[in-house]
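Inspection log for the structure reproduced underneath, given as structure tokens.
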Amino acid sequence: MEQEIDVAYVAGLAQVALEPGESARLQGELEGLLQYVGKIGEADVSGVEPTVCGLAAAVSAFREDTVENPDVREHALGIAPERNGLEFRLPKIVEDA
Amino acid sequence: MDIAGMTLAVQDVVSIAGQPLWGGLKMLEGYVAPFDATVVARLRRAGAVVVRGGALPAVGVDSGGETRRSAAAGGCVGLRPSYGRVSRYGVAAYVSSMDAAGPLAGTVEEAATLLRVMAGHDPLDGMTADVPVPDYCAALRGGFKGLRVGVPREYFAKGADDVRQAIEGCARAGAEVVEVSLPHTGYAAAAYCVIAAAEASTNLARFDGVRYGHRTKEQVGSVADLFAKSRGEGFGDKVKRDIILGTYLLSKACYEKYFVQAQKVRTLIRRDFEEAFKVCDVMMMPVSAGGMGNEELGIGNLEEGEFTAPASLAGICALAMPCGAGGLQVLGPAFGEGNVLRAAYAYEQEVRA
């Protein structure tokens, strides 16, 4: 059977590094899932608009543009993998030219 | 019933200030929630003591039926509120168009009490609806008299004799039972899988090891490498599979074929319910089809959601409670929690007792 999904390539797009062997396992699982979900193609959707969310009632999605959250800077920096004073610290990355 | 003084556990995807989130996920190691989720704040204001949950918390999040299936299996009552009924502020986003926080309780009355506290408009969740919150506890006492209970035939193809008998009991107790049809039910689990993977892959894109969560200790050669290694190490197998599947389904080649198609199927499923609720107030059906799929492919899990995914896709409310092998599910239209709780209470008190 021709493979529908190139797992290694899509994992790259998704920015997920895979262990050796993981790619082959996922290949089988994802082929199976795609085969399963393919059945939605059988539904007659001519003239049907897509539904993007489950909400039926009117919502008031707008609010005043005011700051409501307290200052969470210390908290945010406190849970960072590494910090440097008031900055997030990242590893030194030097890319090849 | 009053929740003041009660100790209530919430699932680990609901933020409690000062506590970790998403316990099982290595990607969020070291993360501490800076604030309470709105549902937590509301429960606290009502006098409850809120703690991190065990196996069966009092507040759970139902995307495709998780709360309902664990309730039915665990012998309690689980309610998935209508989309927009309960705030998701502070709830870890997975399937944003379907995530719904709701009560898990020992009895229908407890579920009604909890929902009344949790529900309502929240300026911090733009998708909560400004719809008044009725007194769900008062609604419980209505009984079956004058209540039309729809029985969708597609849910009974594999038997479900226990649920059928339960519905017969409801009819004897005064419910008007009508047969209805939800013809697109068979597509629901597949449509849910497509939309859930797509939304999960998008939601989980924020975890990159830069500002919080797991960061790889390995040498990295580029920023993309830092993201990819951190994510590869931090996410578990199932999450990685969802992310890769979702990324693929949202790619140019698949977008129309799978993602938009699933959203159109979602419309068909929503319309099925709109039609059916013209002739009934609530519906009763099993929670699970009971069929076993291929666990290795994860398809077993998908088919497990065959009977719970439709309500999620339609954004309507659904309650699950124990009944025989498969569990009883009671569905209502959007913001129809009152009648759902009323029917479930009447079943619990008059039929099952």
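The values are calculated or read from the model by the stated rules, or taken from the named source; none is laboratory data. Keep in mind it's a predicted model, so treat the numbers as computed, not measured. Virtual Cβ from ideal backbone geometry, glycine too; neighbours counted across all protein chains shown.
Assorted remarks:
- Among the candidates B:VAL40, B:VAL32, residue that is among the aliphatic types (A, V, I, L, M) and touching a strand residue (DSSP E or B) at 6+ places or on another chain (Cβ under 6 Å): B:VAL40
- Only listed residue being within 22 Å of the chain's Cα centre (by Cα), small (Gly, Ala, Ser) and modelled with pLDDT of 80 or more, chosen from A:GLY54, A:GLY28, A:GLY41: A:GLY28
- Tallying residues that are touching a residue at least 60 places away in the same chain (Cβ under 8 Å), within 27 Å of B:PHE335 (Cβ to Cβ) and out of contact with any Phe, Trp or Tyr (no Cβ under 6 Å at 6 or more places or on another chain) within the stretch B:240-270 yields 5.
- If you check B:VAL49, B:VAL39 for being over 14 Å from the mean Cα position of the chain (by Cα), in contact (Cβ under 8 Å) with a residue 24 or more places away in the chain and over 25 Å from B:ALA314 (Cβ atoms), only one passes: B:VAL49.
- Identity of the residue in the stretch B:21-34, at the interface with chain A (Cβ under 10 Å from one of its Cβ atoms) and either assigned to a loop (DSSP other than H, G, I, E, B) or on the phi > 0 side of the Ramachandran plot (or both), that ends up nearest to the chain's Cα centre (by Cα): B:ALA33
- Residue list for the stretch B:302-321, restricted to those being within 21 Å of B:LEU147 (Cβ to Cβ) and either among the β-branched types (Val, Ile, Thr) or part of a loop (DSSP other than H, G, I, E, B) (or both): B:ILE316
- Matching residues, the stretch B:209-218, being within 7 Å of another protein chain (Cβ to nearest Cβ) and buried (at least 20 other Cβ atoms within 10 Å of the Cβ): B:GLY209, B:TYR212, B:ARG215
- Summed over the stretch A:72-91, the residues that are out of contact with any Phe, Trp or Tyr (no Cβ under 6 Å at 6 or more places or on another chain), facing chain B (nearest Cβ under 8 Å) and assigned to a loop (DSSP other than H, G, I, E, B) give a count of 5.
- Among the residues making up the stretch B:22-62, a single one is of a type in the set (Lys, Arg) and crowded, with 17+ Cβ neighbours inside 10 Å: B:ARG42.
- Taken as a whole, the condition of being touching a helix residue (DSSP H, G or I) at 6+ places or on another chain (Cβ under 6 Å) and surrounded by fewer than 20 Cβ atoms within 10 Å (Cβ to Cβ) applies to B:VAL177.
- Candidate set: the stretch B:63-93, residues that are touching a helix residue (DSSP H, G or I) at 6+ places or on another chain (Cβ under 6 Å) and more than 14 Å from every other protein chain (Cβ to nearest Cβ); chosen: the one surrounded by the most Cβ atoms within 10 Å (Cβ to Cβ): B:LEU79
- Any hit, the stretch B:248-259, residues being assigned to a helix (DSSP H, G or I), surrounded by 23 or more Cβ atoms within 10 Å (Cβ to Cβ), over 23 Å from the mean Cα position of the chain (by Cα) and at pLDDT 95 or above: yes
Let's see how each residue does on (1) in contact (Cβ under 8 Å) with a residue 12 or more places away in the chain; (2) at the interface with chain A (Cβ under 7 Å from one of its Cβ atoms); (3) in contact with a Ser or Thr (Cβ under 9 Å, 6 or more places away or on another chain):
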residue	(1), (2), (3)
B:ALA188	yes, no, yes
B:ALA197	yes, no, yes
B:LEU204	yes, no, no
B:VAL220	no, yes, yes
B:GLY234	yes, no, yes
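- Unmet criterion (only one of (1) within 14 Å of chain A (Cβ to nearest Cβ); (2) without any contact (Cβ under 8 Å) to a residue 40 or more places away in the chain) for B:MET98: (2)
- Tally of residues being touching a Ser or Thr at 6+ places or on another chain (Cβ under 9 Å) and more than 8 Å from chain B (Cβ to nearest Cβ) across the stretch A:1-45: 1
- Scope the stretch B:260-275; condition crowded, with 20+ Cβ neighbours inside 10 Å and more than 9 Å from every other protein chain (Cβ to nearest Cβ); matching residues: B:ASP272, B:PHE273
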